[in-house]
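In what follows, a structure is listed as C-alpha cells, so that the remarks can point back to it.
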Amino acid sequence: MAQVSASEIKVPPLKKLTNYPEKLAPGHRLCAGCGASIIIRQIYMVANALGYELIWANATGCVEVCTTIYPYTSWRSPWIHNAFENAAATISGVEAAYKALKRKGKLPTDKKVKFIALGGDGGTYDIGFQSLSGALERGHDFIYVCYDNEAYMNTGIQRSSATPKYANTTTQPVGSKSLGKEQHKKWMPEVAAAHGIPYVAQVSPSHWKDFMEKFKKALLTEGPSYINAFCVCPRGWRSKEEEGILIAKLAVETNYWPLFEVENGRWRVTYKPKNPKPVEEFLKRQGRFKHLFKPGNEGRIQELQEEINRRWEWLNKMEEMTREE
Amino acid sequence: MKPELIKEVTYVPYSGNMAAAEAMRQINPDVVAAYPITPQTELMQFFAEFVANGLVDTEYIPVESEHSAMSACVGAAAAGSRAMTATAGPGLAYMWEVLGIASGMRLPIVMTVVNRALSAPINIHGDQSDMMGARDQGWIMLFSENAEEQYDNLIQAFKIAEDERTRLPVMVGMDGFVISHSIERVRLLPDKAVEEFVGEPKVMYSLLDVDNPITHGPVAMTDSYMEFKRQQREAMMEAYKVIREVGEQFEEAFGRKYEHIETYKTDDADYILIIIGSTAGTAKYVIDRVREKGIKVGLIKIRTYRPFPYYDVMDAIEASNCKAIGVFDRAETFGAVGGPLYSDVATAMHLRGKSYPMVSFIYGLGGRDTNVHHIEEAIDKVVQKAAGKEVPLINYLNLNE
C-alpha cells in the first residue's frame, strides 16, 4: 500500500536527525526518565527527515496532561485533545475534514501531512479500544501510536489490560492474599493486526533504528497503521530514572517486548536476540515485581517466562506461516 | 460538484426524517459522522443515499457508536470543516460526555435529535427526556413542531452556530415518530437559495493549518477553568440575539417567521398553555375548539429552549389576561417539582417578580398518546386552578392509574 517503496527512502543518520528543530518544546511536566517524550521526539525525527507535518489527536493521559497546561503548550504542531476514550474517533473526523476540504480546494496548506492519534495503554487497550477498532476498520489514513507504560500512570498506577501478570498496581495491589495483577497482558498489536490493516509494529525507544524504520513505513502507508511503543515509567514501575533505556533494552533482550511488524499481512520478527536473557533480568530492576523475588515465589517468575515463550513462539510461527515464497 | 435538484419552492409530502435529511443535503456539510438509532435511523439512511449517489460533497463517516460520532464531529469541526450528525434518545445519552466538549471547545457543530425516551425500560418512542437530560451541556437547543420547522431550523442552525458572537453547537429536536415518521406537507426551498443563505463557513483556528499550529483542548487548572465557563455563558447570552437575527433573515429571505417562541391566541387569553414540540400543534386545534365554548385559551410554543427566552415568555404572559398557566413537560425530573420546562417558567416569573397560578402536566412519556381529550382535560385543570380550586401540582396525562 506504500506510496513509494519504503526501501527507497532512507532515514538519515542520527547526527543529522538531531539537527532538526524540536517540535515538542521543553518545559513540559513529564517525569524525569519518562519514556513518552523520547518516543514522541523519535517520531518527530522520522517525520522531519521525511518532510511530514504531523497533526495530533491525543487521548487523555500523561502526555496530554503534562504538555498542555493552559496557557502553555509544548506542541509546535497542530494538536487536539478531546477525551480519554476517543482519540481514534477524533482523528477520524480530522482526517475526514482534510479529505473533504482537499476535494473542495479549501486546504490552508499544500504541505505533506500525516494524522497521528496518540494514547497510553488505558486510552488504547481499554477505554479507547472501541473507538480505535472502529477507526482501524474504517481505514482512515492515520497512525495510531500507543505509548504503553502498562498501567494508568497519570492517575497513579492503576491496572490496565496492558499490565503484566503479577505487577503491583494500586487497583490490584500486592498483599497478604494477592500477588498483584492476576491476568497476563493483552496482545494488543496482534489484536490491531487482526483488523487486517496495512501496517502494525511493536517498537522500543532503546532500538531506535528499528523504531525509525518502522515509523517510516507507517508514515508511507496509505491507510491505518498501529504502533505499540514500549514506554518506561520510573514512577509507576518503581525503577531508576536513569535506567529507562536500559530497562527498555532488557525488555527486548528477554523477549518480554518482542520487536515485530505486520506488513500487509506478512508477519516479521525484526529483532531476534541470539541468546535471550531470562526474564529476571528485566523484572529485577523494577519495584513493581519486587515481591516475585521473595522465597516461595520462584514459580511465578517461571510462569511469566512461559508466557513470554508462548508469545515468542506464536510470533515466530506467524512469521513462518506468512513468509513470502 | 453536487447537482441542483430543487430549483424553486416545492411542496412535498415528507416525514421529519426526510425533511431533516433534505436540509442536510442542501447544506452540503463537509463531514457527517453518524450512528443509526431508532427513530433517527431513517434520516441517516436518506443521507447515506445522497452520499451514495453523489448528491453531496460530504465526507461521510459511518462510525461505530454515537460517542465516536460526536468525537469525530469535534475533530472535523476543529479542523475547520462543517460537521453534522443526528441521533436519538440513548444515542444522545451516550454522546453526553462529548457534548460538553463540543460546546466547551466552542465548535459550531449541528445535530438533529429525534427525541426519544431513555431506558429503562427500553422504549423507542417519542419523549423529550433525551434533550432535557443534556440541557446543561452548553448546546443551543431548538425544538420543532413539525417536519417543515425541522427543515427550517436546520437551515438556520449553522448561521447561529458559526456566528463569531456564539461559536456554539446547535441541536434541533423533533418528536420521535410523531414528527420523524409522519408524512406532512413541507415546502422545500431551492438548493441555491439555501446555499446562499447558509453561506461559506467562517473558519477559525483550523487544526489543518500546520503553519499556524494551535493546541485545541488543553488542560485548564483551577486558575482558568471558571473563566472558560463564564465565556460560554456570555456566548449563550449572545446566541439569544443571534438566533433572533437569523430568524429575521430567514423570514426576509423565505417568508417564514421564526422567533424564540410562537404565540397562538395569547392576546386575549385567560389561560396560557406552554408546550414544546409536536403537541403544540394538537393544542392549537384544541384551543380553537374550546374557544367556541367561550374558554379563552392561548398557547406559548417554545422554539428556543437554550438559551431560554425568559423575557419573551413573560412578555407574552403579561400581555394576556392570564389567570393561570399550564406547563407541559414531555420529560420527568424525578425528585423535583414539575418538569424541566415548569422550572424554567417559574424562574421566568420570578425574574419579573410575578406569580401566576401554575399547573404542571407530564405527558407523552415513551410515546404515550396525547390527544385532543387529554389537552381538554389539562385545560379544565388550568381553569379550575384559576378559579382557586384544589388541583394537584403535578398531573399526568393519559396515565393508567
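Of the residues that make up the stretch A:80-94, is at least one part of a loop (DSSP other than H, G, I, E, B), free of Cβ contacts under 8 Å to residues at least 40 places away in the same chain and either facing chain B (nearest Cβ under 7 Å) or crowded, with 24+ Cβ neighbours inside 10 Å (or both)? Looking through the stretch A:80-94, at least one residue is part of a loop (DSSP other than H, G, I, E, B), free of Cβ contacts under 8 Å to residues at least 40 places away in the same chain and either facing chain B (nearest Cβ under 7 Å) or crowded, with 24+ Cβ neighbours inside 10 Å (or both). The residues listed here are A:144, A:125; of these, the one that is part of a helix (DSSP H, G or I), more than 10 Å from every other protein chain (Cβ to nearest Cβ) and within 27 Å of residue A:30 (Cβ to Cβ) is A:125.
Of the residues that make up the stretch A:229-241, is at least one farther than 17 Å from residue A:215 by Cβ and without any contact (Cβ under 8 Å) to a residue 40 or more places away in the chain? Outline the logic, then answer.
Taking the stretch A:229-241 as the starting set, the residues that turn out to be farther than 17 Å from residue A:215 by Cβ are A:232-241.
Still in the running and without any contact (Cβ under 8 Å) to a residue 40 or more places away in the chain: none.
So far as the stretch A:229-241 goes, no, none of its residues is farther than 17 Å from residue A:215 by Cβ and without any contact (Cβ under 8 Å) to a residue 40 or more places away in the chain.
Scanning the stretch A:95-112 for residues that are assigned to a loop (DSSP other than H, G, I, E, B) and either closer than 21 Å to residue A:124 by Cα or of a type outside the set (D, E, K, R) (or both) returns A:105, A:107, A:108, A:109.
Considering every residue within the stretch B:339-351, establish whether at least one is surrounded by fewer than 20 Cβ atoms within 10 Å (Cβ to Cβ) and either charged (D, E, K, R) or under 23 Å from residue B:121 (Cβ atoms) (or both). Within the stretch B:339-351, not a single residue is surrounded by fewer than 20 Cβ atoms within 10 Å (Cβ to Cβ) and either charged (D, E, K, R) or under 23 Å from residue B:121 (Cβ atoms) (or both).
Among the candidates B:49, B:22, single out the residue that is of a type in the set (D, E, K, R), crowded, with 17+ Cβ neighbours inside 10 Å and assigned to a helix (DSSP H, G or I). Answer to the selection: B:22.
If we keep just the residues of the stretch B:61-105 that are assigned to a helix (DSSP H, G or I) and touching an Asp or Glu at 6+ places or on another chain (Cβ under 6 Å), which is farthest from the other protein chains (Cβ to nearest Cβ)? Only one residue fits best here, namely B:89. Restricted to the stretch A:134-156, and to residues that are out of contact with any strand residue (DSSP E or B) (no Cβ under 8 Å at 6 or more places or on another chain) and buried (at least 17 other Cβ atoms within 10 Å of the Cβ), which residue is farthest from residue A:257 (Cα to Cα)? My answer is A:134. In the set B:238, B:245, B:196, B:234, only one residue is modelled with pLDDT of 95 or more, charged (D, E, K, R), over 23 Å from the mean Cα position of the chain (by Cα) and part of a helix (DSSP H, G or I); that residue is B:196. Hey, could you check the stretch B:6-19 for residues that are over 26 Å from residue B:39 (Cα atoms) and in contact with an Asp or Glu (Cβ under 9 Å, 6 or more places away or on another chain) and say which is surrounded by the fewest Cβ atoms within 10 Å (Cβ to Cβ)? My answer is B:7.
Quickly run through the stretch B:214-231 and pick out the residues that are in a loop (DSSP other than H, G, I, E, B) and buried (at least 19 other Cβ atoms within 10 Å of the Cβ).
Restricting attention to the stretch B:214-231, the residues satisfying the condition of being in a loop (DSSP other than H, G, I, E, B) are B:214, B:217-218, B:220-224.
Hits for the stretch B:214-231 are B:217, B:218.
To keep it simple, each residue is scored yes or no on (1) over 13 Å from the mean Cα position of the chain (by Cα); (2) at negative phi; (3) crowded, with 24+ Cβ neighbours inside 10 Å.
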site	(1), (2), (3)
B:99	yes, yes, no
B:112	no, yes, yes
B:117	yes, yes, yes
B:122	yes, yes, no
B:128	no, yes, yes
B:140	no, yes, yes
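When you scan the stretch A:175-182, do you find a residue that is of a type in the set (Lys, Arg) and free of Cβ contacts under 8 Å to residues at least 60 places away in the same chain, even just one? Taking every residue of the stretch A:175-182 in turn, at least one turns out to be of a type in the set (Lys, Arg) and free of Cβ contacts under 8 Å to residues at least 60 places away in the same chain. Of all the criteria given as (1) assigned to a loop (DSSP other than H, G, I, E, B); (2) more than 24 Å from residue B:102 (Cβ to Cβ); (3) in contact with a Lys or Arg (Cβ under 9 Å, 6 or more places away or on another chain), the one not satisfied by residue B:148 is (1). Taken together, the residues in the stretch A:95-106 that are more than 22 Å from the chain's Cα centre (by Cα) and either more than 7 Å from chain B (Cβ to nearest Cβ) or not aliphatic (A, V, I, L, M) (or both) amount to 7.
In this structure, is residue A:115 crowded, with 24+ Cβ neighbours inside 10 Å, more than 8 Å from chain B (Cβ to nearest Cβ), under 26 Å from residue B:57 (Cβ atoms) and out of contact with any Lys or Arg (no Cβ under 8 Å at 6 or more places or on another chain)? Let's see the steps before the verdict.
Numbers: crowded, with 24+ Cβ neighbours inside 10 Å: yes; more than 8 Å from chain B (Cβ to nearest Cβ): yes; under 26 Å from residue B:57 (Cβ atoms): yes; out of contact with any Lys or Arg (no Cβ under 8 Å at 6 or more places or on another chain): yes.
Judged against the criteria, residue A:115 is a match.
Could you check the stretch B:29-45 and list, in sequence order, the residues that are surrounded by fewer than 19 Cβ atoms within 10 Å (Cβ to Cβ) and not hydroxyl-bearing (Ser, Thr, Tyr)?
To start, the set of residues in the stretch B:29-45 that are surrounded by fewer than 19 Cβ atoms within 10 Å (Cβ to Cβ) comprises B:36, B:38, B:41, B:45.
B:36, B:45, listed by residue number.
Filtering the stretch B:241-263 down to residues that are crowded, with 20+ Cβ neighbours inside 10 Å and of a type in the set (Phe, Trp, Tyr), which residue is farthest from residue B:155 (Cα to Cα)? Restricting to residues being crowded, with 20+ Cβ neighbours inside 10 Å and of a type in the set (Phe, Trp, Tyr), the top hit is B:258. No other residue among B:219, B:203, B:210 is at the interface with another protein chain (Cβ under 9 Å from one of its Cβ atoms), β-branched (Val, Ile, Thr) and in contact with a Gly (Cβ under 6 Å, 6 or more places away or on another chain) apart from B:203. Residue by residue through the stretch A:61-71, note down the ones that are within 9 Å of chain B (Cβ to nearest Cβ) and touching a strand residue (DSSP E or B) at 6+ places or on another chain (Cβ under 7 Å). A:64, A:65, A:67, A:68, A:69, A:70, listed by residue number.
A Cβ distance below 9 Å, combined with a sequence gap of six or more or placement on separate chains, defines the contacts here; from the stretch B:197-219, residues that are under 30 Å from residue B:253 (Cβ atoms) reach residues that are among the hydroxyl-bearing types (Ser, Thr, Tyr) and in a loop (DSSP other than H, G, I, E, B) in the pairs B:201/B:81; B:203/B:81; B:206/B:81.
Taking the listed residues B:44, B:24, B:70, B:1, the one that is modelled with pLDDT under 95 and not small (Gly, Ala, Ser) is B:1, with no other qualifying. Of all residues in the stretch B:1-18, those being among the small types (Gly, Ala, Ser) and not in a loop (DSSP other than H, G, I, E, B) number 1.
Going by the structure shown, is residue B:161 under 30 Å from residue B:281 (Cα atoms), assigned to a helix (DSSP H, G or I), assigned by TED's automatic domain parsing to the domain that holds residue B:137 and out of contact with any Gly (no Cβ under 8 Å at 6 or more places or on another chain)? Criteria met by residue B:161.
In the stretch B:322-338, the condition of being without any contact (Cβ under 8 Å) to a residue 60 or more places away in the chain, part of a helix (DSSP H, G or I), in contact with a strand residue (DSSP E or B) (Cβ under 7 Å, 6 or more places away or on another chain) and not polar (S, T, N, Q) is met by no residue.
The values are calculated or read from the model by the stated rules, or taken from the named source; none is laboratory data. If you're wondering where the values come from, they're calculated on a predicted model, not measured in any experiment. As a convention, Cβ positions derive from the backbone with ideal geometry for all residues, glycine included, and neighbour counts pool all protein chains shown.
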